[in-house]
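The values are calculated or read from the model by the stated rules, or taken from the named source; none is laboratory data. The shown structure was predicted, so the numbers you read here are calculated from the model rather than taken from an experiment. Glycine gets a Cβ as well: all are built from the backbone with ideal geometry, and neighbour counts include every protein chain shown. Note: accessible area is taken over every heavy atom of the protein model, side chains too, but ligands, DNA and RNA are not part of it. Shrake-Rupley method; radii C 1.70, N 1.55, O 1.52, S 1.80 Å.
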Amino acid sequence: MRFAFIREHRRRWSIESLCRVLRVSTRGYRAWISRPVCQRQRTDLKVLAHIREHFVLSNSTYGRPRMTMELKEAGLDVGERRVGRLMKLNGIRPVRTRRHRVTTDSRHSLGVAANVLDGDFLANAPNRKWAGGGNCVDQVTCKG
């Protein structure tokens, strides 16, 4: 954590002063910089490349569970937590869309209401023509 802080702020302040304030040696910082990436980070980068590839192929719809299945099918030995962590750290989020649901049943045997107004919605006086549920269209015929 301290070395990462020094690396982030080395442009603003000198490395020596940052090391002195954080009570670490400059030699330790330089050793940390030159140290190779660990095996876990290398495999994380490899898994992340596969995640990005499959995410694009899925049209940005795969979340953690389906992504884990895809990676296992591709031959990678990963768990859901690791996939979720990598996706979260890299801002990979699925786009959730609602499915289109058909609410109209056009193939029914019921009768279709007559078109009494025939597109003429202008009335001579208020409260003369109603358009809504039921069969009442004209106030004269709907005395009930």
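What the table below lists for this structure:
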| item | result |
| --- | --- |
| GNM result for the chain, Cα springs below 10 Å: residue of GLY84, GLY111, GLY28 fluctuating most strongly | GLY111 |
| Pairwise label distance in nanometres, LEU117 with LEU45, each label 7 Å out on the Cα-Cβ vector | 6.8 nm |
| Computed [θ] at 222 nm, helices only, for the chain once each DSSP H run of length n ≥ 4 contributes -39500 (n - 2.57) | -13500 deg cm²/dmol |
| Set of aspartates and glutamates with alpha-carbon distance to LYS72 below 17 Å, sequence-local pairs under 8 removed | ASP44, GLU53, GLU80 |
| Taking the chain and dividing mean pair separation by its residue count, relative contact order in percent (alpha carbons under 8 Å, at least six apart) | 12 percent |
| Highest-first arrangement of 32-39, 59-66, where packing means the average Cβ count within 10 Å | 59-66, 32-39 |
| C-alpha long axis of helix 39-57 to longest principal axis of the chain, angle in ° | 20 degrees |
| Charge tally in the Cβ shell below 12 Å around ARG30, where Lys, Arg are +1 and Asp, Glu are -1, ARG30 excluded | +3 |
| Under 5 Å, built H, 5+ apart or other chain: amide partners of THR61 | VAL95 |
| Degrees, to the nearest 10: 80-89 long Cα axis against longest axis of the chain | 90 degrees |
| Between 0 and 90°, nearest 10: helix 64-73 axis offset from the chain longest Cα axis | 70 degrees |
| Accessible area in square angstrom per residue, the chain, 1.4 angstrom probe | 87 Å² |
| GNM top mover of VAL116, VAL24, VAL47 - the chain, alpha-carbon springs below 10 Å | VAL116 |
